[in-house]
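Engineer: Got a structure for you, questions after.
The values are calculated or read from the model by the stated rules, or taken from the named source; none is laboratory data. Note that the coordinates shown come from a computational prediction; the quantities given were computed from them, not determined experimentally. In this analysis, Cβ positions are derived from the backbone assuming ideal geometry, glycine residues included, and neighbour counts consider all displayed protein chains.
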Amino acid sequence: MSKAMWMVRAGRGGELIERYREQGRVGLGQGGEALGSLAYTQLSKVDLQAHLRQKFPAWKPGKVINAAGQLYRFFTEVAEGDGVVTYDPETREYLLGTVAGPMEYMDGEQLPYTRKVTWLGKVSRDALSAAARNPLGSTLTLFRVPDEVATELTAGRTALDAPPPAVTAAAAPSAVEVLAEADDPTERALELLDDRINGLDWDELQELVAGILRAMGYKTRVSPKGADRGVDIFASPDGLGLQAPRIFVEVKHRQQTMGAPELRSFLGGRKDGDRCLYVSTGGFTKDARYEADRSNIPLTLVDLPLLRDLVLDNYERLDEATRRLVPLTRIYWPIADED
């Protein structure tokens, strides 16, 4: 490929993904709030390290070197016309675009060093081969995407408003193999668990959610397929609904984000005192989250990252049948002392 492609993370856990999407920007800012204006983009890598050590004396040497290296690369190597990819963990989609402007400094922003981007399309993580997913799972804020992975991303790109394609999951390398190559095994392990949960079929996902509720102390009833009338799982302390809380659960296992109309339909007929969960592995739109916040019936939205956290938080209490859906093993890994 004639141009480089760069992964630029949208903050921790993809927290800035909507801002990136709407503003047509990507940014970097490890220590940026202390560095200040664009004058610092002219510093050498060594001078950047010295400045970061001065501003952040508690940082360990490894963190200083890593932060300075990524800032320097963003300042000097990323160029107009280069490709850009960033990841939305909620929808499991990579946004693809091109750098469309020079470096800018936006005072007060969480990641103040920014570049304009023209977003061109997206690629579902589940549409990629395991060989492409593995290097993209690096938790570095900024890194150059290998050319063969960039080629696969470009070939698989669809329009930003295109519906997600039906995807057959590719065979993945073993978890230990992936973790052994990871710069942050903890983050990569979480990503692997996301992949495992997302690879369940709808019936299995429904059973997983019911199993989590049982681990939390509730008794559950799972509706037969096609007969839920908008409720896939019912849970309560006694399993009959005679004791509060009465919990109604809808499970959607698809790549599309759920919107406000689906939530309103689900909430129809609920009574005071009812509690509701809406599980969507495809995530939720902004309007859906607003609808949940203002609902008179308490409603919790569970996307894939939250579902994964619920699995981990309750794993020791899951029954054997539920554990078989997402079998995990405890691995002891040496902790790096650089961060």
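Engineer: Listed residues 151, 98; which is among the β-branched types (Val, Ile, Thr), over 19 Å from the mean Cα position of the chain (by Cα), at pLDDT 90 or above and assigned to a helix (DSSP H, G or I)?
Structural biologist: Unique residue meeting the criteria: 151.
Engineer: Identify the residue in region 109-118 that is modelled with pLDDT of 85 or more and surrounded by 19 or more Cβ atoms within 10 Å (Cβ to Cβ) and, among all such residues, is nearest to residue 85 (Cα to Cα).
Structural biologist: Checked region 109-118; the qualifying residue nearest to residue 85 (Cα to Cα) is 117.
Engineer: For region 71-83, indicate whether the set of residues that are out of contact with any Asp or Glu (no Cβ under 9 Å at 6 or more places or on another chain) and either at positive phi or not assigned by TED's automatic domain parsing to the domain that holds residue 144 (or both) is non-empty.
Structural biologist: Yes, some residue in region 71-83 is out of contact with any Asp or Glu (no Cβ under 9 Å at 6 or more places or on another chain) and either at positive phi or not assigned by TED's automatic domain parsing to the domain that holds residue 144 (or both).
Engineer: Which residue is modelled with the lowest pLDDT, if the candidates are limited to region 38-73 and must be farther than 20 Å from residue 9 by Cβ, buried (at least 16 other Cβ atoms within 10 Å of the Cβ) and of a type outside the set (Phe, Trp, Tyr)?
Structural biologist: Checked region 38-73; the qualifying residue modelled with the lowest pLDDT is 43.
Engineer: Looking at region 1-37 only, could you name the residues that are of a type in the set (A, V, I, L, M), surrounded by fewer than 18 Cβ atoms within 10 Å (Cβ to Cβ) and either under 14 Å from residue 94 (Cα atoms) or modelled with pLDDT under 85 (or both)? Lay out the reasoning, then the answer.
Structural biologist: To start, the set of residues in region 1-37 that are of a type in the set (A, V, I, L, M) comprises 1, 4-5, 7-8, 10, 16-17, 26, 28, 34-35.
Checking the rest, the ones that are also surrounded by fewer than 18 Cβ atoms within 10 Å (Cβ to Cβ) come to 1, 4, 34.
Within region 1-37, 1, 34 qualify.
Engineer: Hey, could you check region 128-147 for residues that are assigned to a helix (DSSP H, G or I) and under 16 Å from the mean Cα position of the chain (by Cα) and say which is surrounded by the fewest Cβ atoms within 10 Å (Cβ to Cβ)?
Structural biologist: Restricting to residues being assigned to a helix (DSSP H, G or I) and under 16 Å from the mean Cα position of the chain (by Cα), the top hit is 135.
Engineer: Also: From 289, 246, which residue is surrounded by 13 or more Cβ atoms within 10 Å (Cβ to Cβ) and within 19 Å of residue 219 (Cβ to Cβ)?
Structural biologist: Values: 289 fails: within 19 Å of residue 219 (Cβ to Cβ).
Only one candidate passes the filter, namely 246.
Engineer: Out of 321, 288, 292, report the one residue that is assigned to a helix (DSSP H, G or I) and under 25 Å from residue 126 (Cα atoms).
Structural biologist: Values: 321 fails: under 25 Å from residue 126 (Cα atoms); 292 fails: under 25 Å from residue 126 (Cα atoms).
Testing whether each residue is assigned to a helix (DSSP H, G or I) and under 25 Å from residue 126 (Cα atoms) leaves just 288.
Engineer: Could you figure out which of (1) outside any helix (DSSP H, G or I); (2) at pLDDT 90 or above; (3) of a type in the set (A, V, I, L, M) isn't true of residue 205?
Structural biologist: (1)
Engineer: Working only within region 249-272, note down all residues that are closer than 29 Å to residue 87 by Cα and crowded, with 18+ Cβ neighbours inside 10 Å.
Structural biologist: 249, 250, 251, 252, 253, 255, 257, 258, 262, 263
Engineer: Another one. Among the candidates 116, 122, single out the residue that is among the basic types (Lys, Arg), under 27 Å from residue 188 (Cβ atoms) and in contact (Cβ under 8 Å) with a residue 40 or more places away in the chain.
Structural biologist: 122
Engineer: Could you check region 292-316 and list, in sequence order, the residues that are farther than 17 Å from residue 18 by Cβ, surrounded by 14 or more Cβ atoms within 10 Å (Cβ to Cβ) and not aliphatic (A, V, I, L, M)?
Structural biologist: 295, 298, 308, 314, 315, listed by residue number.
Engineer: Let me ask something else. Please verify whether region 273-285 includes one or more residues that are among the aliphatic types (A, V, I, L, M) and surrounded by fewer than 20 Cβ atoms within 10 Å (Cβ to Cβ).
Structural biologist: no
Engineer: Something else now. Cβ-Cβ below 8 Å, separation at least six or inter-chain, first residue in region 185-197 and within 17 Å of residue 87 (Cα to Cα), second modelled with pLDDT of 75 or more and not charged (D, E, K, R): which pairs?
Structural biologist: Correct list of pairs: 193/311; 193/312; 193/326; 193/328; 194/89; 194/304; 194/305.
Yes or no, residue by residue, for (1) modelled with pLDDT under 85; (2) within 21 Å of residue 311 (Cβ to Cβ):
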site	(1), (2)
234	no, yes
241	yes, no
249	no, yes
260	no, no
267	no, no
279	no, yes
286	no, no
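Engineer: When only residues in region 78-95 that are touching a helix residue (DSSP H, G or I) at 6+ places or on another chain (Cβ under 6 Å) and not in a strand (DSSP E or B) count, which is farthest from residue 115 (Cα to Cα)?
Structural biologist: The qualifying residue farthest from residue 115 (Cα to Cα) is 92.
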